[in-house]
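Data block below; observations after.
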Amino acid sequence: MESLQVLKVLNNNVVIASHGHYGEVVVIGRGVGFGKKAKDLIQADAGEKMFILRNQKEKELYKRLLEQVDEKLIGVMNDVIYYIAQHAGAPLNEHIHIALTDHIAFAVMRYRQGITVHNPFNYETREFYPREYKLAEYAVAEINSKLGIELPDDEIGFVALHIHSAIADRPIGEVKENSQLISDLVELIERSIGIKVQRDSLNYSRLLRHLMIALERVRRGEQVDEPDKITELIKTEYPEMYSLAWTLIKVIQQRLHKPVYDAEAVFLTLHLQRIVQNSAEYRQ
């Protein structure tokens, strides 16, 4: 059995060790660090889990985080992240070990201080990222069970965004920016048409998905074909919604600092018109 040399004991259950093949690794297991010091040897199977932080900056951030966070929480979070990694269907960016653990540490602190943070994007997050949301439901349930707390359901959406960030290998700030922008666009739509869109309606789901896909296209600089005849027809048939679509596009351009191609206005107009039409029929 291969031996690992202890480089640093972070707490009784977590050590940084040197692996013959992988270099510096994090070894996690009950009592794995108890009584150990630098240069001691431990068996490779001494811990319950072992993972590699290849990026030096991530490694240093994780070491500092582990020194500040409760040992029990670290153990729970590593179990949770291990489960997520096994069921995500794609590799996770290793930053999730830092970002999600740090987020939950603050969430637990807020809970114990009686501070509640509302998540305005919970419904939208469930619509955008159903796989990530299910994993987040499991994660929050495990954290609550193991730590004897009751984090609110709003935390599920926050955790889902972190999971999506790790799967998509995109900064969590960018993922949150998309959610905030879409929320602001929906609010602008509702103010403009004077209708509160039913959150559980099929048309709302379609609008959300279209906005998400449109933002992704804009970020990537992808162009969508614009059939001239359809464009002219849309402008003539639905002038108010076409004008609103362009208002939305201007907001997107200002927030993302990227151009939006004209064809997006056509597709947005169709979604907006469907919502207005269905709402009118519902009121009748």
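For the reader, a short list of remarks on this structure follows.
- Tally, over the range 112-158, of residues that are touching a residue at least 60 places away in the same chain (Cβ under 8 Å), open to solvent by 60 Å² or more (accessible area, probe 1.4 Å) and farther than 19 Å from Leu73 by Cβ: 1
- Unique residue being among the aliphatic types (A, V, I, L, M) and either out of contact with any helix residue (DSSP H, G or I) (no Cβ under 8 Å at 6 or more places or on another chain) or modelled with pLDDT of 90 or more (or both) when the list is Leu248, Leu207: Leu248
- Taking the range 100-144 as the range and being outside any loop (DSSP other than H, G, I, E, B), small (Gly, Ala, Ser) and over 26 Å from Leu185 (Cβ atoms) as the test, the residues that pass are Ala105, Ala107, Ala139, Ala141.
- Qualifying positions in the range 13-25 - modelled with pLDDT under 80 and touching a Lys or Arg at 6+ places or on another chain (Cβ under 9 Å): Asn13, Tyr22, Gly23, Glu24
- The helices (runs of 4 or more DSSP H) found entirely in the range 193-280 that carry 2 or more residues being among the aromatic types (Phe, Trp, Tyr) are 239-256.
- Within the range 159-197, considering residues that are in contact with a Phe, Trp or Tyr (Cβ under 6 Å, 6 or more places away or on another chain) and free of Cβ contacts under 8 Å to residues at least 40 places away in the same chain, the one surrounded by the fewest Cβ atoms within 10 Å (Cβ to Cβ): His164
- Within the range 41-64, being without any contact (Cβ under 8 Å) to a residue 40 or more places away in the chain, under 20 Å from Ile163 (Cβ atoms) and in a helix (DSSP H, G or I) holds for Leu61, Tyr62.
- Scanning the range 59-73 for residues that are of a type outside the set (S, T, N, Q) and either in contact with a Ser or Thr (Cβ under 6 Å, 6 or more places away or on another chain) or modelled with pLDDT of 80 or more (or both) turns up Arg64, Leu65, Val69, Asp70, Lys72, Leu73.
- In this entry, Glu150 passes the filter for residues that are within 27 Å of Ala85 (Cα to Cα), charged (D, E, K, R), out of contact with any Pro (no Cβ under 8 Å at 6 or more places or on another chain) and at pLDDT 95 or above.
A quick yes/no check of all residues on (1) crowded, with 19+ Cβ neighbours inside 10 Å; (2) in a helix (DSSP H, G or I); (3) without any contact (Cβ under 8 Å) to a residue 12 or more places away in the chain:
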residue: Ser18; (1), (2), (3): no, no, no
residue: Val27; (1), (2), (3): yes, no, no
residue: Val32; (1), (2), (3): yes, no, no
residue: Gly35; (1), (2), (3): no, no, yes
residue: Asn78; (1), (2), (3): yes, yes, no
residue: Tyr83; (1), (2), (3): no, yes, no
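- Selection of the range 71-82 for residues being in contact with a strand residue (DSSP E or B) (Cβ under 9 Å, 6 or more places away or on another chain) and either more than 25 Å from Glu132 (Cα to Cα) or of a type in the set (A, V, I, L, M) (or both) yields Glu71, Ile74, Ile81.
- Filter result for the condition that a residue is over 22 Å from the mean Cα position of the chain (by Cα), farther than 16 Å from Val9 by Cβ, open to solvent by 30 Å² or more (accessible area, probe 1.4 Å) and not β-branched (Val, Ile, Thr), over Glu94, Glu60, Glu67: Glu60
- Verdict on Ser205 being in contact with a Leu (Cβ under 7 Å, 6 or more places away or on another chain) and either of a type in the set (Gly, Ala, Ser) or open to solvent by 50 Å² or more (accessible area, probe 1.4 Å) (or both): no
- Considering (1) over 22 Å from Thr125 (Cβ atoms); (2) free of Cβ contacts under 8 Å to residues at least 24 places away in the same chain, the lone condition that Ala245 does not fulfil carries the number (2).
The values are calculated or read from the model by the stated rules, or taken from the named source; none is laboratory data. Quick caveat, the model's predicted, so the values are computed rather than measured. With ideal geometry, Cβ positions are generated from the backbone for all residues, glycine too; neighbour counts draw on all protein chains shown. These area figures cover heavy atoms from the full protein model, side chains too; ligands, DNA and RNA do not enter into them. Shrake-Rupley method; radii C 1.70, N 1.55, O 1.52, S 1.80 Å.
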